[in-house]
Amino acid sequence: STMRERKTTDPLHSSTDLSEGKEKLRLKQEVGLISGVSLIAGTMIGSGIFMSPEWVLHHMGNPASSLLIWAACGLLAMFGALSYAELGTIIKESGGEYIYILRIFGSFPAFLFAYTSVILVRPAGLAAVCLSFAEYTVAPFYPGCSSPQVAIKCTAAACILILTIINCLNVRLATSVMNIFTAAKLLALLVIVVGGLVLLAKGQTQSFQNGFQGTTAGIGAVGVAFYQGLWSYDGWNNLNYVTEELKRPEVTLPRALMIAIPLVTCLYLLVNVSYLAAMTPSELLSSGAVAVTWGDKVLGSWAWLISLSVALSTFGSSNGTFFSGGRVCYIAAREGHMPDILSMAHVRCLTPSPALLFTSAMSLIMIISGSFTSIVNFFSFMAWLFYGMTISGLLYLKIKKPELPRSYKVPIIIPIIVLMAAVYLVLAPIIDQPQVEILYIVLFIFSGIIFYFPLVRFKYHPRFLHRVTLYLQLLLEVAPTTKDAN
């Protein structure tokens with residue numbers, strides 16, 4: 001059959017005996033409903049809502065159409081998440097798109113996804129959020145002028161190193177950080193929402209008059225506006241990366257999605273309305289940091305609270321991105337698509353520390369070489385390419401394998417809409433404004449062929465790699481893990 005069965009006997013990934021040889025090493029199921037909602041909402045509400053509104057407005061040309069883009073992005077994220085919820089109840093394994101592509105389409109496309117995601121996509125997402133955290137953190141120390149790039153990049157690097165320590169120490173510590181920072185950022189967004197409602201009540205509605213005047217009609221411009229808006233919603237699929245660590249995943253996964261994503265969508269729309277109530281469209285477009293400009297206009301001497309809130313928000317989002325991103329690397333290694341050392345967990349902390357350390361290292365390289373806007377567009381193109389492939393896998397299962405047991409079913413029209421949107425988001429920028437960078441991305445994806453056939457297909461492993469793995473096991477105090485049989 002096309003569906004791949006789980007491996008049951010694999011000497012490289014067999015269980016490791018601890019203490020008396022009876023306890024099997026595996027990641028703990030410590031993510032409940034509240035932590036699940038926090039992981040989704042906490043990752044989604046990061047830098048995007050504080051940095052992307054000006055770019056969405058820039059590409060759409062007016063306030064009303066930019067608000068429509070924000071609403072459409074929220075609806076698309078909800079449809080995508082509901083589709084993933086059904087996949088998560090059919091294939092109850094961690095790893096998100098990677099594990100779904102592996103079980104449905106097979107080893108080769110799954111390897112290309114893992115290769116691209118582990119080396120570029122996930123580290124790029126983490127780097128972009130950490131750069132925005134650094135920008136807001138450093139800004140108060142350089143009033144009246146732009147912050148030096150060295151200070152921003154060093155602060156972003158320090159953020160990644162702190163997150164690495166937190167996530168390597170304890171899963172419960174990482175989820176506690178998510179819960180605390182999610183509460184803090186929701187409070188900050190509520191302040192902006194209430195401030196906006198007060199301004200509207202006072203009659204500051206000039207930004208919404210002739211709201212659709214000057215709307216951009218180009219498919220490429222609309223596609224890039226979607227990229228910037230969807231960046232703010234990125235994280236809607238994060239819970240699927242940690243399915244094996246969920247308590248009662250068949251219940252927790254759909255419920256957490258249905259709570260978190262509508263909540264975030266409503267907040268985003270209200271925050272955008274608040275920005276436009278406080279600023280004219282031209283002021284919003286000229287603002288380097290929209291939320292800070294809003295704070296200066298509305299809160300006066302208390303404006304520093306917004307900078308603090310944004311820093312807290314982006315730090316919490318970075319933690320969620322890091323938490324799930326490390327799991328992709330870990331699961332891919334467990335399936336034999338990455339070096340074995342990355343599939344191991346710390347024998348005492350029970351965290352996938354080698355995978356987390358590798359993700360951290362790749363993100364640090366991204367920070368050194370990239371800027372926020374370029375990373376966002378590059379990340380979005382690659383992400384939606386693989387989202388589309390994953391959704392097409394769900395459609396295959398719904399049509400060809402309806403007998404597979406699943407505790408949740410999404411109406412077939414929803415994944416069809418998501419697939420059409422993914423095709424549009426991938427093709428629109430290429431058709432409207434072809435860029436050489438997209439060619440480089442596609443070439444990088446297919447460069448994985450060079451590694452797949454010798455290392456995965458024909459299992460050629462140089463002897464020195466086995467020795468390096470043993471040394472790293474001893475150094476990092478890690479051992480192979482078993483899958484959690486949900």
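Brief remarks on what is shown
- Kirkwood analysis of the Cα pair distances in segment 66-109 returns a hydrodynamic radius of 11.9 Å.
- Comparing Cα centroids, segment 338-363 and segment 385-438 end up 30 angstrom apart.
- In segment 113-164, the chymotrypsin sites (Phe, Trp or Tyr not before Pro) that fall in loop regions by DSSP, at most 13 other Cβ within 10 Å: none
- FRET efficiency, 1/(1 + (r/R0)^6) with R0 51 Å, evaluated for TYR142 and LEU475 via beta carbons: 0.80
- Over all distinct Cα-Cα pairs of segment 340-486, the Kirkwood formula returns a hydrodynamic radius of 19.4 Å.
- Cut-off 18 Å (backbone N to label point 7 Å along Cα→Cβ of VAL251), residues of segment 385-429: 406-409
- Per-residue SASA entry for MET51, accessible area with 1.4 Å probe, Å² rounded to 10: 20
- Take the convex hull of the alpha carbons in segment 146-204; its mean projected area over all directions comes to 6.1 nm².
- The distance between label points at ALA72 and ARG467 comes to 5.9 nm (points 7 Å beyond Cα on the Cα→Cβ vector).
- In the full protein context, segment 108-187 carries 38 Å² of accessible surface per residue, based on a 1.4 Å probe and ignoring ligands, DNA and RNA.
- Computed extension length for LEU427-TYR460: 8.2 nm, one decimal, from 0.36 nm per residue of separation with the Cα-Cα distance subtracted.
- Trypsin sites (Lys or Arg not before Pro) within segment 294-366: DSSP coil, no more than 14 neighbouring Cβ in 10 Å: ARG348
- Cα-based helix-to-principal-axis angle, 171-201 vs the chain, degrees rounded to 10: 20
- If R0 is taken as 56 Å, the Cβ-Cβ distance between PHE444 and ALA201 corresponds to a FRET efficiency of 0.60.
- C-alpha long axis of helix 219-233 to longest principal axis of the chain, angle in °: 70
- Where ASP296, ASP340 fall by accessible area, highest first, once all protein chains stay in place (1.4 Å): ASP296, ASP340
- Stretch gain in nm, segment LEU404-ILE162, where the contour uses 0.36 nm per residue and the Cα spacing is subtracted: 82.9 nm
- Segment 70-177 - percent of accessible surface contributed by carbon and sulfur, probe 1.4 Å: 74
- For the chain: rounded, prolate or oblate by the Cα gyration tensor [a/c cutoff 1.5]: prolate
- On Cα atoms only, tilt of 107-116 relative to the major axis of the chain in degrees: 50
- Measuring r between the beta carbons of GLU437 and ILE417 and using R0 = 25 Å, the FRET efficiency lands at 0.35.
The values are calculated or read from the model by the stated rules, or taken from the named source; none is laboratory data. The structure displayed is predicted, hence computed values, not measured ones. Using ideal geometry, Cβ is built from the backbone for each residue, glycine included, and neighbour counts are taken over all protein chains shown. For accessibility, only protein heavy atoms count, side chains too; no ligands or nucleic acids. Shrake-Rupley method; radii C 1.70, N 1.55, O 1.52, S 1.80 Å.
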